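Following: one structure in structure tokens, then a few remarks.
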Amino acid sequence: PELDRIPHPPRRVPLLGDVLDADPRSPVQDSMRIGRQLGPIFRRKAFDREIVFVWGADLAAELADESRFAKHVGLGVANLRPLAGDGLFTAYNHEPNWQLAHDILAPGFSRAAMEGYHPLMLDVARQLTAHWDERSGAGHEVDVPGDMTKLTLETIARTGFGHDFGSFERSRPHPFVTAMVGALSYAQQRNAAPPLLAALQQRGAAKRNAADRAYLNDTVDEVVEARRSGDGTGARGDLLDRMLETAHPETGERLSPENIRRQVVTFLVAGHETTSGALSFALHYLSRNPDVLARAQAEVEQVWGETEEPAYEQVARLRYVRRVLDESLRLWPTAPAFSREALHDTTLGGVHPMRTGAWALVLIMLLHRDPAAWGQDAERFDPDRFEPKAVRARPPHVFKPFGTGARACIGRQFALHEATLVLGLLVRRYDITADPDYELSVTERLTLMPRNLRLRLTRRTPAR
Ligand code: MNH
């Protein structure tokens, strides 16, 4: 009865629900299509489970109110619990390890910490340009998502954990990435499976998932062991040092070895997959918008000048490059949804009653394209939407690529610094052209990633 006012797809059938409209490989893009027809709040049912989706700017702003709502650990996030447990991303709000780990790790994302990561980020970016130099020029193309994943995995592994996966020395993705993609896809598919049949039908998939999790955990254990048995300098002050050595500033409490394992896998995964997608979408749009690319190149030349290797402060000065990134994250927020639950009985939008604990999924994809907030041309790529004047003219809570509230992304500044630095270096060094036959298609594995995106590069002169 509480859901009566919320529209659902017209082809609803007994027992199955709306699964005739559902493809487990593209739940977000399916929901986007359905949401456009049904409006700012709607529901979809898979077998016995019904999910409420919200994307209207007004309703999403209500759900952002931390006095009424909080993060809900459900769907894909909950399905990752067997791997990530009470790690930061998958912890329930009430689990003490959330606050503990948050307080211990937050200084690892301070300005001072970021400044310390900058030289390592540059090193990794230079591995990428060396790799791309060999693949620039006539007759070559680069595998954008593949190479962005190499870059972002190396970046989080080296800055956070002092670990080198050697991604650029490999022709195929590192097995860590393959296992991670397997785990993310499995977590996504489980949302679509009928609860009883799932157990029977998915035995093969469950077995593969157990193998993926075992591989990820083994990798994590090796990374931790290497640090523990290292020369004991312990002076890096990186994320792993914080996890192993830092006590809570007030309580003196420390993370347990089991929780550290959950945090390491959380950061290795959350710390690279979505940034890789964000960079890939941005490069796609740069290749399709020569005027935007030219403006970005002009900015980098003006702000960085002759500087061979930009300093930390020079990255945030790339205002236009940053807008390109923001606009890419608007159209394709690579973590495309998050859930919010009611802290007490309340009414959403004045008409939809929600009991304590009732939850809804915010479809960031559609929120970011709501014409009420973004105008009638919301589908068009236009970085000028992020000019300060335009930002001030919009209501708050309409741009949420990093989630909201206390459980918003802890790695936001890390991702933005890394991605802006890399885009700056890339547009300064190369002209980027699209394959005219390529049409953007997007794969989903909880996150979003352009499928088979290949681009052509030409070295520019003077090239840095
Ligand atoms: Mn990240 C939470 C998006 C980069 C580590 N991240 C979130 C959430 C979103 C998100 C959305 C909130 C999810 C929810 O409410 O259920 N994160 C992104 C995007 C990028 C990103 C779009 C890149 C672009 N994230 C990063 C990086 C790191 C990181 C880089 C680590 C270095 N993110 C996290 C962690 C959380 C999180 C950890 C969980 C924080 C918490 O709940 O306390």
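Cross-link partners of K150 among lysines, defined as those whose alpha carbon lies under 28 angstrom from its own and excluding same-chain residues fewer than eight positions apart: K207, K400. Under 5 Å from the amide H of F69 lie the amide H atoms of L343, each residue being 5 or more positions distant or on a separate chain, with H modelled from the backbone and absent for Pro and chain starts. Which one, F53, G87, H131, projects farthest toward the positive side of the charge dipole computed for the chain from Cβ point charges (K/R +1, D/E -1)? Toward the positive end, the furthest listed residue is F53. Around the amide H of V442, modelled in the peptide plane, lie the amide H atoms of R451, all under 5 Å away and 5 or more residues distant in sequence or on another chain. Computed 3J(HN,Hα) for the range 436-453, one whole-Hz value per residue from the Karplus formula 6.51 cos²θ - 1.76 cosθ + 1.60 where θ = phi - 60°, is x, 8, 6, 10, 4, 9, 10, 8, 10, 8, 6, 9, 10, 8, x, 8, 6, 6, glycine and proline marked x. Here the Karplus curve 6.51 cos²θ - 1.76 cosθ + 1.60, taken at θ = phi - 60°, turns the phi angles of the range 260-265 into couplings of 4, 4, 5, 5, 5, 5 Hz, with x standing for Gly and Pro.
Given +1 on the Cβ of Lys and Arg, -1 on the Cβ of Asp and Glu, and no further charges, what dipole in debye does the range 20-157 carry about its Cα centre, rounded to the nearest 20? Write down the numbers at each step before the final one.
Numbers: 14 positive and 20 negative charges, 84 e Å.
Dipole size: approximately 400 debye.
How big is the dipole moment of the chain about its Cα centre under a simple scheme where the beta carbon of each Lys and Arg is +1, that of each Asp and Glu is -1, and everything else is neutral? Debye, nearest 20, please.
Dipole size: approximately 920 debye.
Bridgeable aspartates and glutamates around K71 (alpha carbons under 19 Å apart, same-chain partners fewer than 8 residues away excluded): E50, D58, E62, D86, E95, D103, E341, D345.
Taken over the chain, the convex hull of the Cα atoms encloses 158 Å³ per residue.
So in the chain, what percent of DSSP beta bridges are antiparallel if you round to the nearest 5? If we restrict to bridges inside the chain, about 95 percent are antiparallel.
Distance from the C-alpha centroid of the range 304-382 to that of the range 47-88: 15 Å, rounded to the whole angstrom. Note on the range 201-289: Rg/Rh from Cα positions, Kirkwood definition for Rh, rounded to two decimals, is 1.13. Count Lys and Arg as plus one, Asp and Glu as minus one, and take only other residues whose Cβ is under 10 Å from that of T356; the net charge is then -1.
Ligands, DNA and RNA are left out, and with a 1.4 angstrom probe the accessible area of the chain is 44 Å² per residue.
If you roll a 1.4 Å probe over the chain with all protein chains in place, what percent of the accessible area is carbon or sulfur? Here it works out to 53 percent.
Peptides 336-346, 270-280, 165-175, 399-409 ranked from most to least packed give 270-280, 336-346, 399-409, 165-175, packing being the mean of other C-beta atoms within 10 angstrom over each peptide's residues. Taking amide hydrogens as placed 1.01 Å from N in the peptide plane, the amide H of G17 sits under 5 Å from those of F47, each at least 5 positions away in sequence or on another chain. Report note on the peptides 57-69, 127-139: ranked by the mean count of other C-beta atoms within 10 Å, highest first, their order is 57-69, 127-139.
Highest-first packing order for the peptide set 437-450, 362-375, 320-333, 3-16 is 320-333, 362-375, 437-450, 3-16, based on the mean count of other beta carbon atoms within 10 Å.
Here the Karplus relation 6.51 cos²θ - 1.76 cosθ + 1.60, evaluated at θ = phi - 60°, turns the backbone of the range 356-363 into coupling constants of 3, x, 5, 9, 9, 9, 8, 8 Hz, with x for every Gly and Pro.
The values are calculated or read from the model by the stated rules, or taken from the named source; none is laboratory data. Predicted model, so just to flag it, every value in this text is computed and none were measured. Heads up, the Cβs are rebuilt from the backbone with ideal geometry, glycines too, and the neighbour counts pull from every protein chain shown. Note: accessible area is taken over every heavy atom of the protein model, side chains too, but ligands, DNA and RNA are not part of it. Shrake-Rupley method; radii C 1.70, N 1.55, O 1.52, S 1.80 Å.
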